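The values are calculated or read from the model by the stated rules, or taken from the named source; none is laboratory data. Being a predicted model, the structure only gives us computed values, none of them experimental. Don't worry about glycine lacking a Cβ; one is built from the backbone with ideal geometry, like all the others, and counts go over all protein chains shown. Keep in mind that these areas ignore ligands, DNA and RNA; they rest on the heavy atoms of the full protein, side chains included. Shrake-Rupley method; radii C 1.70, N 1.55, O 1.52, S 1.80 Å.
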Amino acid sequence: MFNKEEFAKNKFILQQECLDYSLPSKKNQEKPMHIAFNVDDGFFMQTGVAITSILENNKAKSFWFHIFCDGVSAENKEKMRQTMEKYKTKCSIYIMDMAPFQTFHIKTRHFSRVTYLRSIMPKILQPLTDKYLYMDADMICTGDIGEIERIDLQGYPLAAASETEESVNYKTNFLKMRSDKYFNDGLMWIDIEEWEKEEITEKVFSYQGADPSRFSGQSQDILNLVLEGEICFISRRFNGMDAGNLIFHFTGRNKPWQMVLDEPANLWRHYLDLSVWDSMPDPNPPKDPEHYFNYKRMMEYNIKQCNYGEALYCLFWYGWLKMRYKLK
């Protein structure tokens with residue numbers, strides 16, 4: 001259970017490494033924009049694509065990236081080092097002690113407790129900056145990310161975009177919230193001083209050991225409960241899937257590293273091609289039994305596009321992989 005005294009003594013970081021290839025001239029320019037991610041090792045490639053999209057569209061700007069994780073392979077660390085070297089920028093990797101997060105609930109099997117790392121970031125980044133941007137790894141930037149720095153927080157600890165109207169209605173009712181507002185924590189522009197003043201991290205940790213049935217999600221539900229009425233709401237063009245968005249967020253079931261069903265997914269593959277990670281030229285899902293249902297989606301998509309040969313190809317793989325999945 002939450003213990004404030006023990007919390008204050010816990011340093012949370014097991015290992016830290018800075019990959020600094022920023023140019024001396026840039027170090028003496030304007031302060032870098034700090035951007036943070038929390039991922040497990042399986043999402044380093046997606047983080048690399050997100051970082052590549054930011055750097056490709058903001059070549060004159062200084063950055064310091066921060067990746068909070070529960071571990072990283074030598075291969076992924078090397079890829080991230082190559083990214084920093086290629087773009088002459090800087091990244092810190094923090095391998096975190098996950099023990100303090102073990103009593104937070106996990107709502108969905110494929111999620112990880114690394115989502116709760118975003119609750120501790122302000123305390124770790126406080127000596128380095130007064131504000132930072134948190135981003136989910138399944139995002140890409142398509143333009144001037146400095147727009148986010150120019151957001152007026154109006155004294156609030158963070159700015160974030162609302163969830164969809166349908167999701168807001170469901171979430172606020174399920175959580176019995178007083179307001180009719182609910183934000184997506186996939187992108188948050190955070191004022192550390194205001195965050196600390198409100199003791200937000202401490203309030204999040206007070207939910208340790210809470211009954212999972214109280215929540216419909218994980219860290220996002222808790223942050224919404226803690227920050228109710230203390231949010232600067234911003235446009236969904238900073239966190240959504242609409243045409244013209246500055247930040248695309250691939251929140252749906254169809255992930256662009258699994259298959260390509262639309263132009264945003266094509267754009268994600270474009271930034272993958274520009275990154276140091278391997279390209280994925282095949283738009284179809286992996287031929288793995290776990291992906292059998294994705295072939296049904298690809299078949300339906302190809303029928304709509306009148307690509308009947310591709311639709312038959314997907315129908316074959318849907319049937320074959322589904323049979324293998326059921327037998328397994």
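Descriptive notes on the structure:
- Residues being crowded, with 19+ Cβ neighbours inside 10 Å and aliphatic (A, V, I, L, M) are represented in segment 202-214 by at least one member.
- Residue pairs meeting the criteria (Cβ under 6 Å; at least 6 apart or on separate chains; first more than 21 Å from R118 (Cα to Cα), in segment 59-85; second hydroxyl-bearing (S, T, Y) and open to solvent by 10 Å² or more (accessible area, probe 1.4 Å)): M84/Y21; E85/Y21
- The residue that is farthest from the chain's Cα centre (by Cα), among those in segment 32-54 that are of a type in the set (A, V, I, L, M, F, W, C) and assigned to a helix (DSSP H, G or I), is I54.
- Considering Y308, Y292, the condition of being of a type in the set (S, T, Y) and surrounded by 18 or more Cβ atoms within 10 Å (Cβ to Cβ) is satisfied by Y292 alone.
- Among (1) in a strand (DSSP E or B); (2) open to solvent by 50 Å² or more (accessible area, probe 1.4 Å), the one test that N169 misses: (1)
- Among the criteria (1) within 30 Å of R297 (Cα to Cα); (2) surrounded by 19 or more Cβ atoms within 10 Å (Cβ to Cβ); (3) among the aliphatic types (A, V, I, L, M), the one M241 does not fulfil is (2).
- Within segment 174-198, being open to solvent by 80 Å² or more (accessible area, probe 1.4 Å) and either among the hydrophobic types (A, V, I, L, M, F, W, C) or more than 27 Å from F248 (Cα to Cα) (or both) holds for K176, R178, E193, K197.
- For segment 311-320, the tally of residues that are open to solvent by less than 50 Å² (accessible area, probe 1.4 Å) and more than 15 Å from D282 (Cβ to Cβ) stands at 3.
- Complete set of residues in segment 265-317 that are under 23 Å from L55 (Cβ atoms), touching a residue at least 24 places away in the same chain (Cβ under 8 Å) and either assigned to a loop (DSSP other than H, G, I, E, B) or not hydrophobic (A, V, I, L, M, F, W, C) (or both): Y271, S275, V276, W277
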